[in-house]
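The values are calculated or read from the model by the stated rules, or taken from the named source; none is laboratory data. These numbers come from a predicted model, not from an experiment. Cβ placement follows ideal geometry from the backbone for every residue including glycine, while neighbour counts extend to all protein chains displayed.
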């Protein structure tokens, strides 16, 4: 016995007093005395006495007896019925540390709650991945039929159920994939929890005696892995979504590194396909050492199956410092905080937020320093006369400038098609030829054009380049700084026109 008492009651109806009385509790199975009670001063006639014995630490069997030992000084007895009355009873609460008994059928019910530490409130959610894990131990010598039920996890509209037969002293680990299940927690209090109910039915031992220990029981522990949902209805907590850094190359015409944009605008267009708004925070960093931050509210969609478009525009004054000098690369990173106002709605894995950043400029700029550009090298294919028969040669170039900036043009004719054409000793260099800027109106737009021409005779050494069947022509253009910091604007019909011709004289029979 772990704890408990046995109560003894004795009443004297012997017709004489007892000057001594001892009560002994004996286990009838092995005649062991479990305890002794001595009634102090004995027990007078027609008097009673009650007492108790602790059973803690004692081993008892199914049947016990009370042995009474006493002494009476004697006395006169008249006619009548004389006896000692005894009553034995157990306390209402008995704890057994170990027993051997016929165990009746019984049922043990366990309830476990898996509590979420998230402040989101889920009304219903479709599970994409996750697992329910149970560790169950049968610490008895009896078989057990286990029934598992999760009322908050639904499959085809019914709560998740499973059953398992356990052998005596068997321990099992059970794992149930939850993909495709619907989660419907009861209530919207925070924190929310998922209930798992277990019912263990033990059939008992029948007429067979079985050992039974106070620690014998059926125990269970429950875990639910991190759940990933494909769609959720409820009130998600404000959730940040990080954007991985992305670097984009800004492609400017070569030679315009010194260009200072004066009318650029940045357009950030975001499409939100979710029922929840988002607070956007973007950070742009250029390889020019400049940084620029963009923030704003991305509104939730209002029409089904149609993402909502939000456009954030940053103008010239805000971009002036970031784009000057103009960066070759810009890295964009940041985050969007979904449902910043902690509202209810629906979201699925098909929903998302996406967008684009565009820098627009009408090519309105100021050139702070000379800008040099090298145009594509062109091939010129022709059947030339042998160089030793060429007597004279002359190259003529005509240039027309319809740009609102001054320019200088140099033409190179060579036998190599790479960048070495500019320095190769056989290359013919024409120019440089300088042109003034076209006249402009009050808005910095070209209204006319400036012209210039160039003519140069070729030496006999230079004429030898025409021994080649294939020649290459390169052009180097220099744009001069604009006069005003406010800059000028280039239109789609502005141009710089270059025309060059070579006129050769061939000696035929002593005549040109």
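List the strands (runs of 3 or more DSSP E) inside segment 103-192, counting only whole elements, that have at least 1 residues being within 34 Å of the chain's Cα centre (by Cα) and in contact (Cβ under 8 Å) with a residue 60 or more places away in the chain.
On the way: elements: 106-115, 121-129, 131-138, 144-155, 158-166, 171-177.
Per the criteria, 106-115, 121-129, 131-138.
Closer than 30 Å to residue 210 by Cβ and loosely packed, with under 15 Cβ neighbours inside 10 Å: which single residue out of 41, 35, 57, 4 fits that description?
57
Would you say residue 230 is surrounded by 13 or more Cβ atoms within 10 Å (Cβ to Cβ), modelled with pLDDT of 90 or more, assigned to a strand (DSSP E or B) and within 25 Å of the chain's Cα centre (by Cα)?
Details: surrounded by 13 or more Cβ atoms within 10 Å (Cβ to Cβ): yes; modelled with pLDDT of 90 or more: no; assigned to a strand (DSSP E or B): yes; within 25 Å of the chain's Cα centre (by Cα): yes.
No: the conditions fail for residue 230.
Out of all the residues in segment 372-384, is one or more under 30 Å from residue 466 (Cα atoms), in contact with a strand residue (DSSP E or B) (Cβ under 7 Å, 6 or more places away or on another chain), modelled with pLDDT of 75 or more and in a loop (DSSP other than H, G, I, E, B)?
yes
Take residue 317 and tell me if it is within 21 Å of residue 283 (Cβ to Cβ) and in contact (Cβ under 8 Å) with a residue 60 or more places away in the chain.
Values: within 21 Å of residue 283 (Cβ to Cβ): yes; in contact (Cβ under 8 Å) with a residue 60 or more places away in the chain: no.
Taking the combined requirement at face value, the residue does not satisfy it.
Keeping to segment 285-318, report how many residues are modelled with pLDDT of 85 or more and part of a loop (DSSP other than H, G, I, E, B).
Selection size over segment 285-318: 8.
Could you list, in sequence order, all residues of segment 74-90 that are farther than 13 Å from residue 9 by Cα and surrounded by 10 or more Cβ atoms within 10 Å (Cβ to Cβ)? Before the answer, list the steps.
Filtering segment 74-90 for residues farther than 13 Å from residue 9 by Cα gives 74-83.
Those that are farther than 13 Å from residue 9 by Cα and surrounded by 10 or more Cβ atoms within 10 Å (Cβ to Cβ): 75, 77, 82, 83.
Would you check which residues across segment 20-32 are out of contact with any strand residue (DSSP E or B) (no Cβ under 6 Å at 6 or more places or on another chain) and either surrounded by 14 or more Cβ atoms within 10 Å (Cβ to Cβ) or closer than 25 Å to residue 81 by Cα (or both) and list them?
Residues of segment 20-32 that are out of contact with any strand residue (DSSP E or B) (no Cβ under 6 Å at 6 or more places or on another chain), as a first pass: 29-32.
Across segment 20-32, the qualifying residue is only 32.
Do the conditions hold for residue 72, that is, is it under 23 Å from residue 1 (Cα atoms) and touching a residue at least 12 places away in the same chain (Cβ under 8 Å)?
Here the answer is no, as residue 72 does not meet what is asked.
Considering segment 327-361 alone, what residues qualify as being touching a strand residue (DSSP E or B) at 6+ places or on another chain (Cβ under 7 Å) and over 21 Å from residue 246 (Cβ atoms)?
Across segment 327-361, the qualifying residues are 339, 340, 342, 343, 344, 346, 347, 348, 349, 361.
Condition check: at pLDDT 85 or above and more than 30 Å from residue 146 (Cβ to Cβ). Does residue 282 satisfy that?
In short, yes.
Inspect segment 464-482 for any residue being surrounded by fewer than 17 Cβ atoms within 10 Å (Cβ to Cβ) and free of Cβ contacts under 8 Å to residues at least 60 places away in the same chain and give the result as yes or no.
no
Only one residue in 447, 459 is within 60 Å of the chain's Cα centre (by Cα) and assigned by TED's automatic domain parsing to the domain that holds residue 417. Which one?
Values: 459 fails: within 60 Å of the chain's Cα centre (by Cα).
Result: 447 is the single residue among 447, 459 that is within 60 Å of the chain's Cα centre (by Cα) and assigned by TED's automatic domain parsing to the domain that holds residue 417.
Take residue 417 and tell me if it is in the same structural domain as residue 467 (by TED's automatic domain parsing), assigned to a loop (DSSP other than H, G, I, E, B), over 17 Å from residue 450 (Cα atoms) and in contact (Cβ under 8 Å) with a residue 12 or more places away in the chain. Step through it out loud before you land on a result.
Numbers: in the same structural domain as residue 467 (by TED's automatic domain parsing): yes; assigned to a loop (DSSP other than H, G, I, E, B): yes; over 17 Å from residue 450 (Cα atoms): yes; in contact (Cβ under 8 Å) with a residue 12 or more places away in the chain: yes.
Answer is yes for this residue.
Condition first: within 22 Å of residue 217 (Cα to Cα) and assigned to a strand (DSSP E or B). Now tell me which residues in segment 43-102 satisfy that.
95, 98, 99, 100, 101, 102
Return the residues of segment 432-454 that are modelled with pLDDT under 80 and either in a loop (DSSP other than H, G, I, E, B) or under 14 Å from residue 500 (Cβ atoms) (or both); say none if nothing qualifies.
Within segment 432-454, 441, 442, 443, 444, 445, 454 meet the criteria.
Across segment 171-211, what is the number of residues that are buried (at least 16 other Cβ atoms within 10 Å of the Cβ) and over 19 Å from residue 109 (Cβ atoms)?
Final tally of qualifying residues: 10.
Checking residue 50 against (1) modelled with pLDDT of 90 or more; (2) surrounded by 13 or more Cβ atoms within 10 Å (Cβ to Cβ), which test does it fail?
(2)
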